[in-house]
Amino acid sequence: EDINGLFNVDGTMDLSFSPWEFKLTGAVDLPLNFQFSGQYIYYSGWYWTPYVRVRNLDYNAYTGRYMNLTERGSQQLPARNLIDLRLAWTANFGKAVNLTLSAECFNCMNTDTVLQLTTRWGDYRLGSGNPWRPNSSFGNPTQIERPREIRAGIRLDF
């Protein structure tokens, strides 16, 4: 193994899990065959690690070697709070046929929580006059929570 590849590898895996997750779900039957339900979900932020790409090493001159600048998982993204709601109406046609019309809203508060970002701090080039070249997009979001979505549905049970 190359010792550079093992630098700061201990710690929490990047972008792999939320250590805390909480879900609260509820549903209520309303008059006139309406049903209303909702769900609140909390995820603590995923962990990430800033790293640098080292170039011009004899054994990996083209691709470079990635080295973590801090212990793996030393940084954490913001927590995620999501609210999903559903309203449905059901009509019964005899004993065996039901028609359900529904409207659902996902991410009702339209949160734009960051899910991923640019974690490469920059490049370090061995043997050059100015070895450090920072990445101008370091820390910029590359993925955010999906925007509010509204879905309508029709379901026929028979």
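Could you rank ILE83, ILE150, ILE41, ILE144 by how accessible they are, 1.4 Å probe, largest area first?
The ranking, largest first, comes out as ILE150, ILE144, ILE83, ILE41.
What relative contact order, as a whole-number percentage, does the chain give when Cα pairs under 8 Å and 6 or more residues apart are counted?
Worked out over the chain, it gives 22 percent.
Starting from the amide H of LEU115, placed 1.01 Å from N in the peptide plane, find each other amide H under 5 Å away whose residue is 5 or more places distant or on another chain.
GLN143, ILE144, GLU145
If you plug each phi of segment 22-31 into the Karplus form 6.51 cos²θ - 1.76 cosθ + 1.60 with θ = phi - 60°, what whole-Hz ³J(HN,Hα) values come out, in order, with x for Gly and Pro?
Here the 3J(HN,Hα) series is 9, 10, 10, 10, x, 8, 9, 8, 9, x Hz.
To the nearest 20 Debye, how big is the dipole of segment 49-158 about its Cα centre, given +1 on the beta carbon of each Lys and Arg and -1 on that of each Asp and Glu?
Value, rounded to 20: 200 debye.
Just for the chain, what percent of DSSP beta bridges are antiparallel, to the closest 5?
Antiparallel bridges make up about 90 percent of those DSSP assigns within the chain.
From the backbone phi of segment 131-139, what are the Karplus-calculated ³J(HN,Hα) couplings (6.51 cos²θ - 1.76 cosθ + 1.60, θ = phi - 60°) in whole Hz, Gly and Pro given as x?
Result, rounded to whole Hz: x, 8, 10, x, 8, 5, 9, 4, x.
Could you check how much of the accessible area of the chain is carbon and sulfur, as a whole percent, using a 1.4 Å probe?
Carbon and sulfur together cover 56 percent of it.
Can you list the residues, at least 5 places off or on another chain, whose amide H is less than 5 Å from the amide H of VAL54, using H built in the peptide plane?
Close amide H contacts, sequence-distant or interchain: ARG65, TYR66, MET67, TYR124.
Skipping prolines and chain starts, which residues have an amide H placed within reach, meaning under 5 Å, of the one on GLY45, given they are 5 or more residues away or on another chain?
Hits under the 5 Å cutoff: ALA79, ARG80.
Just to check I understand the Karplus step: with θ = phi - 60° and J = 6.51 cos²θ - 1.76 cosθ + 1.60, what whole-Hz values come out for segment 146-156, glycine and proline as x?
Each residue of segment 146-156 in turn: 4, x, 3, 10, 10, 10, 10, x, 10, 10, 10 Hz.
Return one whole number: the accessible area per residue of the chain in Å², for a 1.4 Å probe.
Averaged over the residues of the chain, the accessible area is 67 Å².
Which of the peptides 89-98, 72-81, 24-33 is most tightly packed, and how do the rest follow, judged by the mean count of other Cβ atoms within 10 Å per residue?
Listed from highest to lowest mean packing, they are 72-81, 89-98, 24-33.
The values are calculated or read from the model by the stated rules, or taken from the named source; none is laboratory data. What you are looking at is a predicted structure, and each value in this text was computed from that prediction instead of being measured. All Cβ positions, even for glycine, are placed from backbone atoms using ideal geometry, and neighbour counts span all protein chains on display. Heavy atoms of the whole protein, side chains included, go into the accessibility calculation; ligands, DNA and RNA do not. Shrake-Rupley method; radii C 1.70, N 1.55, O 1.52, S 1.80 Å.
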